[in-house]
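Encoded as structure tokens, the structure appears first; notes follow it.
The values are calculated or read from the model by the stated rules, or taken from the named source; none is laboratory data. Values in this document were obtained by computation on a predicted structure and should not be read as measured data. Cβ coordinates were reconstructed from backbone atoms using ideal geometry, including for glycine residues, and neighbour counts include every protein chain displayed.
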Protein chains: 2
Amino acid sequence: MTRPHPAELFELTENGQLLSPTLQTPALRYLDGSIIDWLQEEANERERINIRRAQHGVRGLLLPWFDAARMWLVVILTGFGIGLTGGWLDVLVKWLGDLREGRCSYGFFYTQVTCCSSVKPGEACTEWRTWSEFLGVGPVLAQSLLHSFVYVSLAVVFAGSAAVLVKSYAPYAFHTGIPEIKAILGGYVLTAFLTPWTLFIKAIGLALAVASGLSLGKEGPLVHVACCMANILSDFFKQFRNNEAQKRKLLAAAAAAGVSVAFGSPLGGVLFGLEELATFANESEVMWRGFVASAVAAVSLQWVDPFGTSKLVLFQVTNGSDTWRAFELIPWVTLGVIGGILGSILIKLNVEAALYRRSSALNDWPVLEVIGVSAITAAISYLVVFSRVQASELVANLFQECDPTKIDYHGLCNPTAMWENVFLLVLTAAIKVLLTAWTFGMMIPAGIFLPTIAIGACLGRAVGLLTQGLHRAYPKAWIFLSCPPDLSMRCVSPGFYAVIGASAMLAGVTRMTISLVVILFELTGALSHVLPIMISVMTAKWVGDAFGKDGGIYAVWIAMRGYPWLPPTNFRDNGETGAQLMQPLERLVVIEDEQETVADLDTLLNDHNFHGFPVVRRQEFLGFVTRDKLRIALAPYLAEENADRLKRCVFSQRSSTSAEEQIDLSSLIEEAVLQLRPDVPKELVVSMFQKFNLRRIIFTTRGKLTGMVTLSDVVSLLTCNFPHTAALAPGERRSWG
Amino acid sequence: MTRPHPAELFELTENGQLLSPTLQTPALRYLDGSIIDWLQEEANERERINIRRAQHGVRGLLLPWFDAARMWLVVILTGFGIGLTGGWLDVLVKWLGDLREGRCSYGFFYTQVTCCSSVKPGEACTEWRTWSEFLGVGPVLAQSLLHSFVYVSLAVVFAGSAAVLVKSYAPYAFHTGIPEIKAILGGYVLTAFLTPWTLFIKAIGLALAVASGLSLGKEGPLVHVACCMANILSDFFKQFRNNEAQKRKLLAAAAAAGVSVAFGSPLGGVLFGLEELATFANESEVMWRGFVASAVAAVSLQWVDPFGTSKLVLFQVTNGSDTWRAFELIPWVTLGVIGGILGSILIKLNVEAALYRRSSALNDWPVLEVIGVSAITAAISYLVVFSRVQASELVANLFQECDPTKIDYHGLCNPTAMWENVFLLVLTAAIKVLLTAWTFGMMIPAGIFLPTIAIGACLGRAVGLLTQGLHRAYPKAWIFLSCPPDLSMRCVSPGFYAVIGASAMLAGVTRMTISLVVILFELTGALSHVLPIMISVMTAKWVGDAFGKDGGIYAVWIAMRGYPWLPPTNFRDNGETGAQLMQPLERLVVIEDEQETVADLDTLLNDHNFHGFPVVRRQEFLGFVTRDKLRIALAPYLAEENADRLKRCVFSQRSSTSAEEQIDLSSLIEEAVLQLRPDVPKELVVSMFQKFNLRRIIFTTRGKLTGMVTLSDVVSLLTCNFPHTAALAPGERRSWG
């Protein structure tokens, strides 16, 4: 058991510096890897507001209004910015993706759709040329080779350049970003994650990565981009720059806006913030900001209108039939079970892949890895028909019901080819599971949502086809009695089964519930089918939780990266009390009042890296003093020749000896530290950490210090059943801050 | 200042009785007017679960599953039940309402729609007869007199019987019920509020009240009915019957289902629970239950299909134009301001009416009052054309855009009659404001949502008509440049202005935000117009909050009824600490360890009605002992002849004198009481009460008791700026429990 104790991961690096001139209200600038002190930040904000309110006359009235105006400015600009970025990325991805197949004859920078926009419906578009047409290659074999060569090599070029960009300029732009955002919203400090460079590289790299056809989506990274924007914008205003808590409330709104743009789902964004990021808690004001940001972002996206449909709904479901039959619950619950199991498997595979990557030679050659995987992905995708198109297009086709008036995508609606279709769909899903498990974690921006939806949609469509086939084969069976007797009327809608499959798979991988249902229903516009979606999501979540007690892929990555984040789970103890959780007095480093000299305390500070120390007077708890305040207060006395070095320090005001012989440090004491008795239920201790974002709780019995619980103790308690905690902790990268 | 201190309102009546045989984990049955101890209830639940888990073999595995199954059974049955009830009430209301105008020739129990269902579209329906046709009254004047007589007298009969039912059988079935539900979900105990009788009377009374044409809606009462159902169902299972905290979690889900049925808005229900009831807090599990209940309820309602449209959307907005122009923000923000101001005025009028009712002779004649008001309402409604139809029909008509292919409701679309229409709409709104302010609070079930929507829709439509008229008069003005040049194309959609007006008015009255937007958008299906709705809601809320710092009509009623409920507002102190909030030691009644005899304690219990007492030993805080435990423990020694009466009681185990001379009560002490230092910010104290549903916090300094804050102190702190706190407290009614 050599894994580092989580405490070391974030308490060791915590060396704030005091910026404020007074010791009473220090505006601490936190270093990377530390956790902000929410209570302190809120107290600072309170003091700032009071100072502004106390201004005389019109200033006192106007200043609070300006504060609010600045806040809304950041919220609205973030929403607007991410809406534009999302729309612009969609166009860029479309153009890059089309480039892998051909180019427009009259201009290089046109996508296939804009190139053919002047062509009347029904006519063939002659302006768009495939590469063989454009280069004038005649023989069919040569054409085919050229096409596959361009297809694969452009994929490699796109993915490779994305990886180079990420590796060289912004290593934190890799991956989805949602685990980091969850940790940051919980109070973790990770400056490099939200810089303008990260924003720029993540956006460009994301477009390249998606266009390369790798098995990844843009949803999570868009949330990251939105948070970068909010962070950059908020840094323009002192009220947010100097207060990490206020800044985080803006980031929460930005995250909601990111989801809103990613799925065209403003409500889904708010509920994502609520459920997955667990940040709005009781603060309806923050939720409201998230709602405004989401709505602004959705409207901006609609204004850009990247798909030329002037619709927010990405995968419009053609509501073949508005009704569904009771027997369909059987395949739907089955899909839920499949989603739960496969989701757990995907998480486990992804963890194994990440651990292998870290321990093998691949760790040193991330760009080569990306190039290799993108080549393999492109080659396989080119061979398996369903995965040749971009995943979003595949999903849209799978969600579509069969309709004689529309183009039949790859013969999916051909009833005689049922078994072939089912085989192909399952094969595609299997390939995508393996590719996704590997891809999610490589050195490129990558979201997990879209690949998961694609896997689920393939399986769902397959189950739908099977059910439909069963109905066609045995139309008179009692189970199908509720179907219309006329076989030409549709009874089973395989397109909707694809939606169900996608929901179930998403629930299995992310373990989200309500926000998923809302996102899915906003994504497809299928209001009438909310109940089946809910049932499959619920089943998948239950099955997934039963199979892997990991809390979803984001929680797994947070644990692997070793971020100090408290899962919002309802922790249930077995009758234990806080006493079992706390570090008892014997193992604490405490400062004894009136006993230690300045030199002693200096030694103490050098020997121990804790964030602060309890001060006691013969076991009686006096208060808590942070290392930063102590270091600054001691600095003047530390010179070798200073006689004060050997004076004793007194922290309590009711000192017994005279003041000349002592150094009064009583102003350093934070008395407003939460104290509990050791016999409170463990559950309550955990829940206090969760609800108040605490860093520590002191335990006292009748005024005597008996122990202390820090955030890291609670984090390790809640993540103890995951074996790879901190396996991917950014070890040597810590210096990036 | 003779108003009772809130403490008296609910601490005085708190006399629980111990049911459990052991003193360690008493399953207290709470009496009416008390507040449940959430921490204790959670601890009991924890213990119950542990006992069940500890069962050997299959039982240990199955019992937790049964628990979950029972919980879901209650949730789903509640959703199903309220969906059916809602649909059934709709039909009943329609029938009763139609009865005021005529009857079906071939059957008394047919509504107009079902009576005419066999008639082909375009043909006149001859089966439905007005009363004059049915009774064969010829002369026009006689017809008119008969119609108005039946219209008014049936209104009086309906409203009167509703009032009689409520007054005689279930006084708590009056009003909306949402204030009580908010208090109950916060921990208040009010048994009579959730009985089968209340359920039955509220449902029947609601149908009668709505059909009488009084200015009231069915939304709030439906939430009440849903909560009654959940309460009754949960009483079948011991796990909920014996645990008030678990039961309240089910009630929260039921409330969401109620909203879902009231508005056909499953998502709105969840968000209502989230925002207005503030109960799901961090517990995503409870939120998920609410979601399931909402969805089941919506599907059941759809299955009943009371309107024969197989649609959930109540007021379908015909999306005349999907786009809106920037200049329209001016009328919309204006509507927001109007909504905010008028909402505050409505609240103030309602408060004045309620206070007047209480202090005047009306207090003793509630049924007569209802009869009088219903007669006046019916007479006025019969005269003012827009209010003659039921409010829901009026709203549907106002939300409708003008369309040459459809019937023009009362000439609203006639451009030459603009001023007449605007005058009539404003008059209708004004009348409805006055009637609603009086009606909401009478002795009948009454919701505030629908009247508010109707008022807002009238004003919104009026503003829309004015804007449209302005555009028609000056089509070339620069402000209308964004409109299509062709005047026959619609630029301004007055129907949508009605939606905006309704949103603004609702926000002004209820001060809800997100859930309102979601409800409105689910109610109308106007996804494309979410942003304007949001802007008007936000404006109205800001303006309303600036005008009246009351927190909306529900908060006002909670305060007037004197319920111990903490508003979820972000309380901001001005640098004060807990010391300013607490009752200092001098004013507390404490028990001194080893000092008081059994007789002393008995006197103490008789003299003071507090829920419990801190135990100290020379200022040192030892723990808290509740009056109920103490009373039971003392009972055996209290007989006059018992020599133990004069023995001293010891609460600490480290007793100094020998055990024979003392009575050991150390097992009674609750040590797990939250302790804080007096110098924590006041804000944090309030927020701890809000987040943990605490009943008290003890303040200690270095182990010494310095003060105590109880829930009532915090409630009075948060409601101090409302002058009529507890003005309507159910004084003599307390004995109802």
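Among the candidates A:Ala417, A:Ala375, the residue that is without any contact (Cβ under 8 Å) to a residue 12 or more places away in the chain and out of contact with any strand residue (DSSP E or B) (no Cβ under 9 Å at 6 or more places or on another chain) is uniquely A:Ala417. Filtering B:Gly548, B:Gly552 for residues that are within 16 Å of the chain's Cα centre (by Cα) and touching a residue at least 12 places away in the same chain (Cβ under 8 Å) leaves a single hit, B:Gly552.
Among the residues of the range A:111-119, are any in contact with a strand residue (DSSP E or B) (Cβ under 8 Å, 6 or more places away or on another chain) and in contact (Cβ under 8 Å) with a residue 24 or more places away in the chain? No, the conditions are met nowhere in the range A:111-119. Flag: A:Ala256 matches the condition of being within 13 Å of another protein chain (Cβ to nearest Cβ), modelled with pLDDT of 80 or more and within 20 Å of the chain's Cα centre (by Cα).
No other residue among B:Phe315, B:Phe307, B:Phe236, B:Phe280 is out of contact with any Pro (no Cβ under 8 Å at 6 or more places or on another chain), among the hydrophobic types (A, V, I, L, M, F, W, C), modelled with pLDDT of 85 or more and not in a helix (DSSP H, G or I) apart from B:Phe236. Restrict the check to the range B:174-184 and report whether at least one residue is under 19 Å from the mean Cα position of the chain (by Cα), in a helix (DSSP H, G or I) and either on the phi > 0 side of the Ramachandran plot or of a type in the set (Asp, Glu) (or both). Taking every residue of the range B:174-184 in turn, at least one turns out to be under 19 Å from the mean Cα position of the chain (by Cα), in a helix (DSSP H, G or I) and either on the phi > 0 side of the Ramachandran plot or of a type in the set (Asp, Glu) (or both). The residues of the range A:283-304 that are within 11 Å of chain B (Cβ to nearest Cβ), more than 17 Å from B:Ile535 (Cα to Cα) and modelled with pLDDT of 75 or more, listed by number, are A:Gln302, A:Trp303.
In this structure, A:Asp602 does not satisfy being among the acidic types (Asp, Glu) and in contact with a Phe, Trp or Tyr (Cβ under 6 Å, 6 or more places away or on another chain).
Based on what the data block shows, is B:Ser712 within 14 Å of another protein chain (Cβ to nearest Cβ), outside any strand (DSSP E or B) and under 30 Å from B:Ser344 (Cβ atoms)? The answer is no for B:Ser712. The residue that is nearest to A:Phe449 (Cα to Cα), among those in the range A:541-590 that are within 14 Å of chain B (Cβ to nearest Cβ) and among the hydroxyl-bearing types (Ser, Thr, Tyr), is A:Thr569. Within the range A:34-61, track down each residue that is aliphatic (A, V, I, L, M), touching a Gly at 6+ places or on another chain (Cβ under 7 Å) and more than 27 Å from A:Pro564 (Cβ to Cβ). The one that is aliphatic (A, V, I, L, M), touching a Gly at 6+ places or on another chain (Cβ under 7 Å) and more than 27 Å from A:Pro564 (Cβ to Cβ): A:Ala54. Which residue, of B:Glu328, B:Glu420, B:Glu393, B:Glu369, is within 30 Å of B:Leu145 (Cα to Cα), crowded, with 19+ Cβ neighbours inside 10 Å and charged (D, E, K, R)? Sole residue among the options that is within 30 Å of B:Leu145 (Cα to Cα), crowded, with 19+ Cβ neighbours inside 10 Å and charged (D, E, K, R): B:Glu369.
Residues that are of a type outside the set (Val, Ile, Thr), at pLDDT 85 or above and over 15 Å from B:Met287 (Cβ atoms) within the range A:508-530 comprise just one, A:Gly508.
Pairing each residue of the range B:71-91 that is in contact (Cβ under 8 Å) with a residue 40 or more places away in the chain with any residue that is among the acidic types (Asp, Glu), provided the two are 6+ apart or on different chains, yields C-beta distances under 9 Å for B:Gly87/B:Asp305.
Yes or no, residue by residue, for (1) in contact with a helix residue (DSSP H, G or I) (Cβ under 7 Å, 6 or more places away or on another chain); (2) closer than 30 Å to A:Ile553 by Cβ; (3) of a type in the set (S, T, N, Q):
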site: A:Leu412; (1), (2), (3): yes, yes, no
site: A:Ala437; (1), (2), (3): yes, yes, no
site: A:Pro445; (1), (2), (3): yes, yes, no
site: A:Gly456; (1), (2), (3): yes, yes, no
site: A:Leu459; (1), (2), (3): yes, yes, no
site: A:Gly464; (1), (2), (3): yes, yes, no
site: A:Gln468; (1), (2), (3): yes, no, yes
site: A:Ala477; (1), (2), (3): no, no, no
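Taken over the range A:548-597, the residue count meeting the criterion of being surrounded by fewer than 18 Cβ atoms within 10 Å (Cβ to Cβ) and over 28 Å from A:Leu622 (Cβ atoms) is 7.
Identify all residues within the range B:86-110 that are among the β-branched types (Val, Ile, Thr) and buried (at least 20 other Cβ atoms within 10 Å of the Cβ); write none if there are none. Scanning the range B:86-110 gives a single hit, B:Val93. If you take the residues of the range B:33-64 that are among the hydrophobic types (A, V, I, L, M, F, W, C) and within 11 Å of chain A (Cβ to nearest Cβ), which of them is surrounded by the most Cβ atoms within 10 Å (Cβ to Cβ)? So, considering only residues that are among the hydrophobic types (A, V, I, L, M, F, W, C) and within 11 Å of chain A (Cβ to nearest Cβ), the one surrounded by the most Cβ atoms within 10 Å (Cβ to Cβ) is B:Leu39.
This table checks each residue for (1) in contact with a Ser or Thr (Cβ under 9 Å, 6 or more places away or on another chain); (2) touching a residue at least 12 places away in the same chain (Cβ under 8 Å); (3) over 16 Å from B:Gly187 (Cβ atoms).
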| site | (1), (2), (3) |
| --- | --- |
| B:Ala226 | yes, yes, yes |
| B:Asn231 | yes, yes, no |
| B:Arg241 | yes, no, yes |
| B:Ala256 | yes, yes, yes |
| B:Ser260 | yes, yes, yes |
| B:Gly264 | no, yes, yes |
| B:Gly269 | yes, yes, yes |
| B:Phe272 | yes, yes, yes |
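Looking only at residues of the range B:660-702 that are free of Cβ contacts under 8 Å to residues at least 24 places away in the same chain and part of a helix (DSSP H, G or I), we find that the one that is nearest to the other protein chains (Cβ to nearest Cβ) is B:Met688.
Scanning the range A:185-210 for residues that are of a type outside the set (Gly, Ala, Ser) and in a loop (DSSP other than H, G, I, E, B) returns A:Val189, A:Leu190, A:Thr195.
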